[in-house]
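One structure is given here, and the rest of the page talks about it.
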Amino acid sequence: MTAGSRRGLVKVAGVGMLTAWRVRVGGRAAIEGTKERSGQVLSAAQALVGSDVAEDLNRLVAASVKGAPTVYDRAMDANYLDPALRTGLGGSYHRIFDGGHTVAGAFRAARGVSDEDTVVQEALGTIKALLRDASTPRGLPLATWDKSTFDSVAAALESKFGIPKAWFYELNTYDAADLLGAAIGVASVIYRWNSADTEEFARLASVIGTSAAFSTNPSLMVVSVVSMARAYNKASSADEFAELVDGTFKGAATSGASLAAIAVAGSAGASAGAALVVGVTAGVLAYKVSDKVSLVAVARFAKDQAAVILANARGTARPA
């Protein structure tokens, strides 16, 4: 092989390596860009489940599973339908007390109620009955309570802390929108668990916490606590604790923008779809705008300026 041929091969190899490197770098940039945009959308969407859009979602689920009550619906309501037990089960709030509306309780109640259905049909019938109840205002309970115990705890919370009994009931139940909110929260946390920095994770935790508070979603509150604990775990230095504060502030701003936009859209008579688009757009814009602001830096600047003004005032007031 001649020297010219070798130089040609080296040149070709060099171009190939450079091209491969550019592809790798471009691929990484594209992936990071996709992750950032996904994070923005997830953060904006998370706040929506705490808004009026959640009611539209429940109506959509209700429409998809509507129909005449089945043997599985009646099996879940068996205790409430029994005249001897009905009066002690809280009327329209009976699902939290009758034992047939938790996931485990529903499957126990529905076991063997139909001699014709297979095991798969029985399971599908029970799931459909659960979804039908989950899409109603009362939702489904996280656990079954004894009514007297529930009433005494609710009364104590209301008298000592001013927590209404209806709110305590909401805290112990969930609906279809709550399930979606928890799913989005879990997906967001898993998606950014290892790659997100302290500020970004704190922002995510703040968004989830705001949504959980507005929607009184107990499942999402658990996700919020886990995500905030992860944010604190990531903050291993003073500078990172400053990022934690900034991220929390920015997450609240993102959620607030989404919720406010949906409220304005709803008051203007916009459809659920339009309100959804407006809410996500407002949340993404707030995410981008707040990304350029540092609450900690602003606070430090204000503190320094206050100190300078105070020192100048003291110097002016000092007699000559």
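Kindly provide the set of residues from the range 168-183 that are under 10 Å from the mean Cα position of the chain (by Cα) and either at pLDDT 85 or above or open to solvent by 30 Å² or more (accessible area, probe 1.4 Å) (or both), ordered by number.
Those that are under 10 Å from the mean Cα position of the chain (by Cα) and either at pLDDT 85 or above or open to solvent by 30 Å² or more (accessible area, probe 1.4 Å) (or both): Leu179, Leu180, Ala183.
Scan the range 206-235 for residues that are closer than 11 Å to Ser255 by Cβ and free of Cβ contacts under 8 Å to residues at least 60 places away in the same chain and report the count.
Adding up the residues that qualify gives 2.
Sort out which residues of the range 137-146 are at pLDDT 90 or above, of a type outside the set (A, V, I, L, M) and either in a loop (DSSP other than H, G, I, E, B) or in contact with a Leu (Cβ under 7 Å, 6 or more places away or on another chain) (or both), and write them in order of number.
Selection gives Gly139, Thr144, Trp145, Asp146.
Anything in the range 93-129 that is in contact (Cβ under 8 Å) with a residue 40 or more places away in the chain and either exposed (fewer than 14 other Cβ atoms within 10 Å of the Cβ) or under 20 Å from Gly67 (Cα atoms) (or both)? List them, or say none. Don't jump to the end; show me each part of the working.
As a first pass, look at the range 93-129 and keep what is in contact (Cβ under 8 Å) with a residue 40 or more places away in the chain: 93, 95-99, 101-102, 113-114, 122, 125-126, 128-129.
Arg95, His101, Val113, Ser114, Glu122, Gly125, Thr126, Lys128, Ala129, listed by residue number.
Starting from the range 56-74, keep only residues that are under 20 Å from His101 (Cα atoms) and open to solvent by 80 Å² or more (accessible area, probe 1.4 Å), then list their pairs with residues that are among the charged types (D, E, K, R) and part of a loop (DSSP other than H, G, I, E, B) whose Cβ atoms are within a distance under 9 Å, requiring at least 6 positions of separation or different chains.
Pairs that qualify, where the first residue is under 20 Å from His101 (Cα atoms) and open to solvent by 80 Å² or more (accessible area, probe 1.4 Å) and the partner is among the charged types (D, E, K, R) and part of a loop (DSSP other than H, G, I, E, B), are Pro69/Asp77.
Confirm whether Val225 is open to solvent by 50 Å² or more (accessible area, probe 1.4 Å) and assigned to a helix (DSSP H, G or I). Show your work before the answer.
On the way: open to solvent by 50 Å² or more (accessible area, probe 1.4 Å): yes; assigned to a helix (DSSP H, G or I): yes.
Criteria met by Val225.
Return yes when Gly247 is within 30 Å of Arg59 (Cβ to Cβ) and either in a helix (DSSP H, G or I) or under 16 Å from the mean Cα position of the chain (by Cα) (or both) and no when it is not. Reasoning before the result, please.
Numbers: within 30 Å of Arg59 (Cβ to Cβ): no; either in a helix (DSSP H, G or I) or under 16 Å from the mean Cα position of the chain (by Cα) (or both): yes.
Answer is no for this residue.
Hey, can you tell me all the residues within the range 84-125 that are more than 20 Å from Tyr174 (Cβ to Cβ), outside any loop (DSSP other than H, G, I, E, B) and among the charged types (D, E, K, R)?
Arg86, Glu122
For the range 131-167, what are the residues that are under 23 Å from Glu55 (Cβ atoms), under 22 Å from the mean Cα position of the chain (by Cα) and surrounded by fewer than 15 Cβ atoms within 10 Å (Cβ to Cβ)?
Result: Pro137, Ala166, Trp167.
Condition check: over 23 Å from Val245 (Cβ atoms) and among the acidic types (Asp, Glu). Does Asp178 satisfy that? Reasoning before the result, please.
Working: over 23 Å from Val245 (Cβ atoms): yes; among the acidic types (Asp, Glu): yes.
Here the answer is yes, as Asp178 does meet what is asked.
The values are calculated or read from the model by the stated rules, or taken from the named source; none is laboratory data. Because the structure is a prediction, the values reported are computed rather than measured. Quick reminder, even Gly has a Cβ in these numbers, built from the backbone with ideal geometry, and neighbours come from all protein chains shown. With ligands, DNA and RNA removed, areas are computed over all heavy atoms of the protein, side chains included. Shrake-Rupley method; radii C 1.70, N 1.55, O 1.52, S 1.80 Å.
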